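For reference, the structure is listed below as structure tokens.
The values are calculated or read from the model by the stated rules, or taken from the named source; none is laboratory data. Predicted model, so just to flag it, every value in this text is computed and none were measured. Ideal geometry is used to build each Cβ from the backbone, glycine not excepted, and the neighbour counts take in all protein chains shown. Heavy atoms of the whole protein, side chains included, go into the accessibility calculation; ligands, DNA and RNA do not. Shrake-Rupley method; radii C 1.70, N 1.55, O 1.52, S 1.80 Å.
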Amino acid sequence: MAALAPASPARPSKRSRSLRQAIGYGLLYVFLTILAVIFLFPFYSMVVGSLMSKEELFRSYPQLWPPNGPQFTAYRLLLQIATPEEVAASGLQNINNYNFVRYIFNTLLIASVAVALQVFFNTLAGYTFAKRNFPFKNQLFSVILATLLLPAAINFVPFYLLVAGTFGWKDTYWPFWIPSLATAFGIFLMRQFIASTIPDELIDSATIDGASQFQIVTRIVMPIMAGGMVVLGILTFVAVYNEYILTNLIISKPDLRTVQLFLANFKQATIRAPLYDLLFAGSVMATIPLLILFFVFQRKLVEGVMSGAIKG
Amino acid sequence: MAQAIGTTSAVPQATRSTKWRALLREMWKHRVDYLFISPFFIVFLVFGVYPTVWGLRLSLSRWPGGQKPMEWVGLNNYIGLLTSDPLLGKAFVNTMMLLGWILPTGLAFALIVAVMLNARRLRGRGIFRTIYFLPFVTSGVIVAIVFSQFLDKNYGWVNLLLGKVGIPPVPWLTEAIPAQISVTLLLHWMGSGTNILIFLGALQAIDRELYEAAEIDGANAVQSFFRITVPMLRPVLLFMIITATIGLINLYAQVKLLTNGGPQNNTYTMFMRMMDLIAGNRFGEGAALGFLMGAVILVITFVQLRLLRSWWTVEGNLKG
């Protein structure tokens, strides 16, 4: 326990105190390491499962390593580069229904357009709320904050009917782009970032030099705020990339499916182990883009999650 | 006389209209600002306000969708959901049980780990933090896929390890209590990293001098934890309780794919009911359920805010 306290309170002699601290820290490392293994293990077992053949999965699933060495058949099947023999042996009815490349392309398309729109429009609004003064500014900002408290469940059904029926957006990607063009969270986040990083003098001098509002945003605010925009962009990307509920209702054409929808449909159709090699391989490939993003922009992500919680 | 009255009443009128005109002129001068913030308000009106208002009418009607007419049924949808829906009561109880389980265990676990990570001379803090935060980027769909294999009665890792210490296989996904525990484990695995991160950020913002002062006053580690750490974290804790509550009431994808609401509907959620009503073209009842869920969230949030009123600010906590 001594190690856990930021300031050690122990009074006894210096030696017993440092010994107790050493033991405390030792236990701490053991505990944190076990925990790290627990957090990493599902990822690891997913990778190992994806490298096993379906017979191996069926007969002896929990393995720390594929018994006959790694096999990439499942990946080749999903990437549509498997040999005819492998396709025949896989027992899949129609290999075109497992075109993972197409699904990942769809998902990346949805996510990147959503990110571009949200980052642009939220920065525009965030700048305006952070640096401009105009009538009803505070009231309008309060409205934005208040909408953060509205649970999405309230109008989920009429929203779906509006988007799919009235607008006729079933089997299109508009529902992922237009309704969330600008979001309360995004505006709030960008306003916080801009208010705390861009000095008023910079904007004043640009105004004196005759720059328009739009030029100020695109030429001065956005370059300086690139870091903040990345934070918002990643949070948006992760959320849209992993979206499932709305996708499940909107997308029914197989060719338009996202990775999540493909995997979910696949999982629900897979009753027992035989196809889990494909399911695991798909899960691994679907996670890779996010893992890359995670490790490249880890600091930004942490910043985003913390500023959402602590400033909010 | 008449003229005098006329002039006295004309004066305030004139100032009022000039005031209005000045305000309008001021607003016109800021038209670009309004343009810049307009996207949010346009989409909010079209995709937020309009469906909510129309949904209110929908929730009072029977409507199977398409070209068919809406049939007014008054409060029947609400009454039906509350009194004779076969699954909603179960779903509500399940959600409340999950809340009762997950909030205390999840927050306590995250807080303990965050306090450990905050130990002054810990090395590799960044690495541990990264690993615990990793599940943040995995989707509910994928987590459910991995966990369903993990918890499989005959082929899963968990039962394999339990078997090594002599515990017979547990039917993790096919019996009521184990299935509820499985859902809890999955949600903890997915969500703890974010909570740990937020707690750690808040812990690092606490002034070390507070602890040093307490130490001089003779406080031990446990005392300073409960007298300093916990009170300082209360606003963050409140935020986490409220967001976790909303998240749990909207729970869908993970449970749908892990247990599909089973066994015997013991992990069925309210959002699953909503999706089933949509699938059955029972849009009026679906809309009504949306408002009921909104009401549940509102009531719980309100109760939490009232009960934890003294938690809103840090200042109030340290004094009290």
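Report, by chain and number, residues whose modeled amide H sits under 5 Å from the one on B:Ser61, excluding near sequence neighbours (fewer than 5 apart, same chain).
Correct list: B:Val73.
Compute the signed sum of charges (Lys and Arg +1, Asp and Glu -1) over the other residues within less than 15 Å, Cβ to Cβ, of A:Gly233.
My count for the surroundings of A:Gly233 gives +1.
If we count trypsin sites (Lys or Arg not before Pro) as exposed when they sit in a DSSP loop and have at most 16 other beta carbons within 10 Å, what is the longest stretch of chain B that avoids them all?
Of all site-free stretches, the longest is B:154-320.
Select from B:Glu209, B:Glu175, B:Glu26 the residue whose mean-square fluctuation is largest in a Gaussian network model of chain B (Cα-Cα springs shorter than 10 Å).
Highest fluctuation of the listed residues: B:Glu26.
Would you mind computing, in nm to one decimal, how far apart the modelled labels at A:Gln71 and A:Val37 are, each placed 7 Å from Cα along Cα→Cβ?
Those two pseudo-labels are separated by 2.9 nm.
In whole Hz, with x marking every Gly and Pro, tabulate ³J(HN,Hα) for segment A:202-214 from phi via Karplus 6.51 cos²θ - 1.76 cosθ + 1.60, θ = phi - 60°.
4, 6, 4, 5, 5, 5, 4, 6, x, 6, 7, 4, 5
Please identify, among B:Met116, B:Met272, B:Met96, the residue showing maximal mean-square fluctuation in a Gaussian network model of chain B using a 10 angstrom Cα cutoff.
Maximum among the listed residues: B:Met116.
Go ahead and run the numbers for FRET between B:Val230 and A:Leu109, Cβ-Cβ distance against an R0 of 45 Å, rounding to 0.05.
0.45
I need the calculated FRET efficiency for the pair A:Thr270 and B:Leu35, taking r as the beta carbon distance and R₀ as 60 Å, to the nearest 0.05.
0.75
What is the protein assembly as shown by shape, rounded, prolate or oblate, if you read a ≥ b ≥ c off the alpha carbon gyration tensor as root eigenvalues and call it rounded for a/c under 1.5, prolate for a/b larger than b/c, and oblate otherwise?
oblate
Treat each spin label as a single point 7 Å out from the Cα along the C-beta direction, and report the A:Asn97 to A:Phe295 distance in nm.
Taking the simple label geometry, A:Asn97 and A:Phe295 are separated by 3.5 nm.
Can you figure out the FRET efficiency of A:Leu145 with A:Glu85, using R₀ = 56 Å and their beta-carbon distance, to the nearest 0.05?
According to the calculation, E is roughly 0.40.
Could you let me know the centre-to-centre spacing of segment B:125-182 and segment B:56-86, using Cα atoms, in angstrom?
Comparing the Cα centres of segment B:125-182 and segment B:56-86, I get a distance of 40 Å.
Between A:Ala264, A:Ala226, A:Ala184, which gets the highest mean-square fluctuation from a Gaussian network model of chain A, Cα cutoff 10 Å?
It is A:Ala226.
Which net charge results when you count Lys and Arg as +1 and Asp and Glu as -1 among the other residues whose beta-carbon is under 12 Å from that of B:Leu23?
Net charge around B:Leu23: +4.
What figure, in Å² to the nearest 10, do you get for the accessible area of A:Ser18 with a 1.4 Å probe and non-protein molecules left out?
Solvent-accessible area, nearest 10 Å²: 70 Å².
So, with a 1.4 angstrom probe, what is the percent of accessible area on the protein assembly as shown that is carbon and sulfur?
After summing per-atom areas, the C and S share lands at 66 percent.
Ignoring ligands, DNA and RNA, how much accessible area is buried between chains B and A, both sides summed, with a 1.4 Å probe, to the nearest 100 Å²?
That pair hides around 9000 Å² of surface in total.
Mind listing the phi-derived Karplus ³J(HN,Hα) values for segment B:91-103, rounded to whole Hz, using 6.51, -1.76 and 1.60 with θ = phi - 60°, and x for any glycine or proline?
My calculation for segment B:91-103 gives 4, 5, 4, 4, 4, 5, 5, 4, 4, x, 7, 6, 4 Hz in order.
Per DSSP H run of n ≥ 4, the term is -39500 (n - 2.57); total these for chain B, divide by its residue number, and report the mean residue ellipticity at 222 nm rounded to 500 deg cm²/dmol.
Result for chain B, helices only: -22500 deg cm²/dmol.
Report relative contact order for segment A:95-307 in percent, whole number only (criteria: Cα-Cα under 8 Å, sequence separation at least 6).
After rounding, I find 34 percent.
Find how much the distance from B:Leu305 to B:Met70 grows on full extension, using 0.36 nm per residue of separation minus their present alpha carbon separation; answer in nm with one decimal.
80.7 nm
Evaluate the relative contact order of segment A:41-130 (contact order divided by residue number), counting alpha-carbon pairs under 8 angstrom at least 6 apart; express in whole percent.
Normalised by residue count, the contact order of segment A:41-130 is 19 percent.
Using the Karplus curve 6.51 cos²θ - 1.76 cosθ + 1.60 with θ = phi - 60°, work out ³J(HN,Hα) for each residue of segment B:104-121 in order, rounded to whole Hz, and write x for Gly and Pro.
Once rounded to whole Hz, the list reads x, 5, x, 5, 5, 4, 4, 5, 4, 5, 5, 4, 4, 5, 8, 3, 4, 9.
Which residues of segment A:47-68 show a drop of at least 50 Å² in accessible area when all protein chains are present, compared with their chain alone (probe radius 1.4 Å, heavy atoms only, ligands and nucleic acids excluded)?
A:Tyr61, A:Pro62
When only DSSP loop residues count, what chymotrypsin sites (Phe, Trp or Tyr not before Pro) in segment A:74-183 have their Cβ near at most 13 other Cβ atoms within 10 Å?
A:Phe136
Enter the accessible area per residue of segment A:111-218 (Å², integer; probe 1.4 Å; all protein chains in place).
41
Kindly identify segment A:26-184 as rounded, prolate or oblate by the Cα gyration tensor criterion: order the square roots of the eigenvalues as a ≥ b ≥ c, call it rounded if a/c is under 1.5, otherwise compare a/b with b/c, prolate if a/b is larger, else oblate.
Here segment A:26-184 falls in the oblate category.
Can you give the accessible area per residue of segment B:89-268, in Å², using a 1.4 Å probe?
40
Can you classify segment A:95-307 as rounded, prolate or oblate using the Cα gyration tensor, where a ≥ b ≥ c are the square roots of its eigenvalues, rounded means a/c under 1.5, and otherwise it's prolate if a/b beats b/c and oblate if not?
prolate
Report Rg(Cα)/(2.2 N^0.38 Å) for chain B, keeping two decimals.
The value comes to 1.39.
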